[in-house]
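K.L.:
Pasting in a structure now, in structure tokens, and then I'll have a few things to ask.
The values are calculated or read from the model by the stated rules, or taken from the named source; none is laboratory data. Quantities reported herein were computed from a predicted structural model and do not represent experimental measurements. We place every Cβ from the backbone using ideal geometry, glycine too, and count neighbours over all the protein chains shown. Accessible surface is based on the protein model in full, side chains and every heavy atom, while ligands, DNA and RNA are left aside. Shrake-Rupley method; radii C 1.70, N 1.55, O 1.52, S 1.80 Å.
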Amino acid sequence: MTPQKLLLLPGDGIGPEVMGEVQRLIDWLNAQGLTQFETETGLVGGCAYDADKVAITDATVAKAKAADAILLGAVGGPKWDPVPFDVRPEAGLLRLRKDLELFANLRPAICYPALAEASSLKREIIEGLDIVIVRELTGGVYFGEPKEITDLGNGQKRAVDTQVYETYEIERIARVAFELARKRGNKVTSMEKRNVMKSGVLWNEVVTRVHANEYKDVKLEHQLADSGGMQLVRNPKQFDVIVTDNLFGDVLSDIAAMLTGSLGMLPSASLGAADAKTGKRKALYEPVHGSAPDIAGKGLANPVAMLASFAMALRYSFDMGKLADTIEKAIANVLDKGVRTGDIAPAGTKSVSTSQMGEAVLKEVQALHG
Ligand code: IPM
Ligand code: MN
């Protein structure tokens, strides 16, 4: 087995705490000879700003490009509200996505049976839910130019963000969604606002054409993104794979997270194009949740989304699907046994700390491994 290079970027807030639980799991896997990960740690976000006055250094970006995969915790927090916009913590994450061309963001939302009660929705609406949001990640209003605030000189300012998509960007994300659907429930729902936005008109047109030319065997539906959001909370089990742009994907995936009980449960994978020679993709794995500064450093954070993000790394970057299955099964078993961090514990019941949850998952992995 050749060593695999993992770059760990814990980031800010609860990032280091949840990353610590992944590190614990990696140490055990390495000790068992099940994996040979070489881990290196770097700074991104507010912590990078504190150290170097940038949200990520060129050296860390270079390390990210050289790694086989990147695991990221979370970035941001009120501490950095005063810093200039271009070096705010989020800029570090956005630069990684853009520089590594991680255009495909996969956000699975699974409702573990044991957690149906933790959702704000009724059990029958979400029990057994298994959907994936495929969010375009390197285009749209996140990166479109111009992006600026102009002083109009009359006491007024004008702020502009630009939503822009080109054909190839829509084609490649559509293909990711259709390929994924073929391995799952064989259905794709595309969401945009073609009734208001030109980019929505093009999005709809391109997804329809890619489907007709290459993926006729997959069922395709279109929904307007606002109505799609409503459907996500009304009847989420109608979906299999949802494909949408960067901003709608950001919003819809937070909604999807709550279907699963807590934002602390949702992992994600951000993938680049497959290399023509090696077939390998650049990849970054991170929880959907943020840095939760209000609970940072208190041992209250739920490490499940981070651990499940590591499982996605095993599956998508290292072809270790079986080990990924084991970790996901371990998470499900731990939840079945009633182990809960505060975010998923019913009011008035006992909850465990971040490290107790991490330890419980590791023990379960060990037990499953025999
Ligand atoms: C996410 C986050 C990021 C985003 C922030 C931290 C820049 O909310 O990954 O969903 O808006 O994409
Ligand atoms: Mn978000």
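K.L.:
State yes or no: is TYR316 among the aromatic types (Phe, Trp, Tyr), within 16 Å of ligand 1 (Cβ to nearest atom) and either open to solvent by 20 Å² or more (accessible area, probe 1.4 Å) or under 11 Å from the mean Cα position of the chain (by Cα) (or both)? So that I can check it myself, show each step before the final result.
P.N.:
Details: among the aromatic types (Phe, Trp, Tyr): yes; within 16 Å of ligand 1 (Cβ to nearest atom): no; either open to solvent by 20 Å² or more (accessible area, probe 1.4 Å) or under 11 Å from the mean Cα position of the chain (by Cα) (or both): yes.
Spelling it out, it is not the case that TYR316 is among the aromatic types (Phe, Trp, Tyr), within 16 Å of ligand 1 (Cβ to nearest atom) and either open to solvent by 20 Å² or more (accessible area, probe 1.4 Å) or under 11 Å from the mean Cα position of the chain (by Cα) (or both).
K.L.:
Name the strands (runs of 3 or more DSSP E) wholly inside the range 52-156 in which the number of residues that are more than 15 Å from the chain's Cα centre (by Cα) and either surrounded by 13 or more Cβ atoms within 10 Å (Cβ to Cβ) or outside the structural domain of PRO303 (by TED's automatic domain parsing) (or both) is 2 or more.
P.N.:
On the way: elements: 69-74, 104-110, 130-136, 144-151.
In the range 52-156, 144-151 are the strands (runs of 3 or more DSSP E) which contain 2 or more residues that are more than 15 Å from the chain's Cα centre (by Cα) and either surrounded by 13 or more Cβ atoms within 10 Å (Cβ to Cβ) or outside the structural domain of PRO303 (by TED's automatic domain parsing) (or both).
K.L.:
Check whether at least one residue in the range 24-42 is at pLDDT below 95, in a loop (DSSP other than H, G, I, E, B) and either outside the structural domain of PHE178 (by TED's automatic domain parsing) or open to solvent by less than 60 Å² (accessible area, probe 1.4 Å) (or both), and report yes or no. So that I can check it myself, show each step before the final result.
P.N.:
Quick first cut of the range 24-42, residues at pLDDT below 95 only: none.
Within the range 24-42 (the criterion being at pLDDT below 95, in a loop (DSSP other than H, G, I, E, B) and either outside the structural domain of PHE178 (by TED's automatic domain parsing) or open to solvent by less than 60 Å² (accessible area, probe 1.4 Å) (or both)), the answer is no, since none of the residues qualifies.
K.L.:
Out of everything in the range 267-310 that is β-branched (Val, Ile, Thr) and either in contact (Cβ under 8 Å) with a residue 60 or more places away in the chain or in a loop (DSSP other than H, G, I, E, B) (or both), what residue ends up being nearest to ASP325 (Cα to Cα)? Walk me through how you get there before you give the answer.
P.N.:
From the range 267-310, those β-branched (Val, Ile, Thr) are 278, 288, 295, 304; that's our starting set.
Remaining after also requiring either in contact (Cβ under 8 Å) with a residue 60 or more places away in the chain or in a loop (DSSP other than H, G, I, E, B) (or both): 278, 288, 295.
Working: THR278: 25, VAL288: 20, ILE295: 30 Å.
The qualifying residue nearest to ASP325 (Cα to Cα) is VAL288.
K.L.:
Can you name the residue in the range 274-289 that is at pLDDT 95 or above and within 16 Å of ligand 2 (Cβ to nearest atom) and is also surrounded by the most Cβ atoms within 10 Å (Cβ to Cβ) among such residues?
P.N.:
Checking each candidate, the answer is PRO287.
K.L.:
Another question, then. Would you please name the residue that is farthest from ILE173 (Cα to Cα), looking only at residues in the range 245-262 that are of a type in the set (A, V, I, L, M, F, W, C), open to solvent by 50 Å² or more (accessible area, probe 1.4 Å) and within 10 Å of ligand 2 (Cβ to nearest atom)? Step through it out loud before you land on a result.
P.N.:
Applying the first criterion (of a type in the set (A, V, I, L, M, F, W, C)) to the range 245-262 yields 247-248, 251-252, 255-259.
Remaining after also requiring open to solvent by 50 Å² or more (accessible area, probe 1.4 Å): 247, 251, 255, 258.
If we keep only those that are within 10 Å of ligand 2 (Cβ to nearest atom) too, we end up with 247, 251.
On the way: LEU247: 14, VAL251: 18 Å.
Among those residues, the one meeting the criterion is VAL251.
K.L.:
For the range 219-234, which residues satisfy the criterion of being open to solvent by 60 Å² or more (accessible area, probe 1.4 Å) and closer than 21 Å to LYS122 by Cβ?
P.N.:
Correct list: MET230, VAL233, ARG234.
K.L.:
Which numbered condition in (1) of a type outside the set (Val, Ile, Thr); (2) within 16 Å of ligand 2 (Cβ to nearest atom); (3) closer than 30 Å to GLU364 by Cα is the only one that LEU93 fails?
P.N.:
Of the numbered conditions (1) of a type outside the set (Val, Ile, Thr); (2) within 16 Å of ligand 2 (Cβ to nearest atom); (3) closer than 30 Å to GLU364 by Cα, the odd one out for LEU93 is (3).
K.L.:
Can you run down the residue pairs with Cβ atoms below 7 Å, 6 or more apart or on separate chains, where the first is in the range 190-219 and modelled with pLDDT of 95 or more and the partner is hydroxyl-bearing (Ser, Thr, Tyr) and surrounded by fewer than 19 Cβ atoms within 10 Å (Cβ to Cβ)?
P.N.:
Qualifying pairs under 7 Å: VAL206/THR167.
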